[in-house]
Amino acid sequence: MTIEVDIAHRQGSFMLETRFASAGRLTALFGPSGSGKSSLINIIAGLTRPERGYVAVDGRVLVDTEKKIFVPKHSRRVGLVFQDARLFPHMSVAANLRYGRFFTPAAERYARMDAVVELLGIGHLLDRRPSGLSGGEKQRVAIGRALLASPRLLLMDEPLAALDDARKAEILPYVERLRDETKIPIVYVSHSVAEVARLASAVVVLNAGRVAASGPTGEIMQRLDLLPDEQRAEGGAVIEATVARHDDALALTMLGSGAGEIRVPRLDLPKGAPVRLRIRARDVIVATERPRGLSALNILPGRIAALGQGAGGSVEVRIDCNGTPVLSQVTRQSARALDLAPGRDVFAVVKTVSFDRANMAAGPRGAPGAEDVDV
């Protein structure tokens, strides 16, 4: 499904003027606080009527101010998940879930209660009240309620922002299942590089109400200049790989990727399973000769594609590893001492332990043979 947005809207002194189209399963709206992400979500949802604009989902026009089209929010079939779960405290989990169905005519309902409950792993919670749930459990129930409205589009406005790291780790796999196992396109608001790199198939970067860049996640995450200053150290390459084999004795998993074989800490995934890796630029060492006697196990041959100015006087080194880009950040002194230049053959060296839980996840199931399932 394609999401098309072209709007202009002023709220006080803030001007939101954005235009993009995305066919990604999960499109991330990424940017710092105050960049216009939530305002844009409100326009797509029908909570705000833009001064000028056009919004369409899979060809169905929701807003076209030129033609005086504005589909009211209750008719848009858009599911909403906010930072706080907003569950009804006097209702059980089951009743909260069923409430989502009330807004969709019976003939248009496709989401089944049992399938949604299984997808989100909340069967054991059905008789509880929201007061007895953890933050992560509340968000899973909120997602379930949105799904049971049988939406054509799911909007998630920083759904993990109010959770601690443990609860985030609990709920992220369920968002991945949503992305991979349903046919519902998702627009996901976040200011976290780690979340976007793990979940998104496409990214729209907002800055001061305008689109600074948009494109596939792998391309955007390498644009360190697009990342907030405090998160630039988290940027780098996003690589899709598959499990090739395991070495149980050494607690390692070998992954096949376009860049070459990559060793990571042992993953509990079957052979052939897709894996998404984030290789932070700060974790990549550049060598002009194949290293020997190193503890780092991942040595990827490549060729320098470009050099660029990095933050704080550093140099960004873009390395083409058999057609897969890998980014490194080095000091000017290192770039000069190694005589780094475009076209030079080098090796990108990455420590296996740099692939922690924040930098690895089950990859999108867009692989051959993967099928969408109805909920």
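Some points to look at:
- Residue among A85, A212, A166 with the largest mean-square fluctuation in a Gaussian network model of the chain, springs linking Cα atoms under 10 Å: A166
- Residues considered: S192, S334, S354. Largest GNM mean-square fluctuation over the chain, using C-alpha springs under 10 Å, is found at S334.
- Per-residue Cβ neighbour rank within 10 angstrom, fewest leading, E118, E108: E108, E118
- Cα long-axis angle, helix 135-147 against the chain (0 to 90 degrees, to the nearest 10): 60
- Between A8 and E261, residue separation times 0.36 nm minus the direct Cα-Cα distance comes to 86.4 nm.
- Remark on segment 232-280: ratio of C-alpha radius of gyration to 2.2 N^0.38 Å is 1.16.
- Over the chain, DSSP H runs of length four or greater, each weighted -39,500 (n - 2.57), average out per residue to a 222 nm ellipticity of -5500 deg cm²/dmol.
- Taking 25 Å as the limit for the C-alpha separation, the pairs K271/K351; K183/K351; K37/K168; K73/K183 exceed it in the case of K183/K351.
- Projected onto planes of every orientation and averaged, the convex hull of the alpha-carbon atoms in the chain covers 21.0 nm².
- Sparse-neighbourhood loop sites, trypsin sites (Lys or Arg not before Pro) in segment 34-90 - DSSP loop, at most 11 other Cβ within 10 angstrom: K68
- Rg ratio (alpha-carbon, reference 2.2 N^0.38 Å) - segment 3-221: 0.99
- Anisotropy class of segment 237-362 from Cα gyration tensor, a/c 1.5 cut: prolate
- Of all DSSP bridge pairs formed entirely within the chain, close to 80 percent run antiparallel.
Values in this text are rule-based calculations from the coordinates and carry no lab data. Only a predicted model underlies this, so the values are computations on that prediction, with no experimental measurement involved. All Cβ positions, glycine included, derive from the backbone under ideal geometry; neighbour counts span all protein chains shown.
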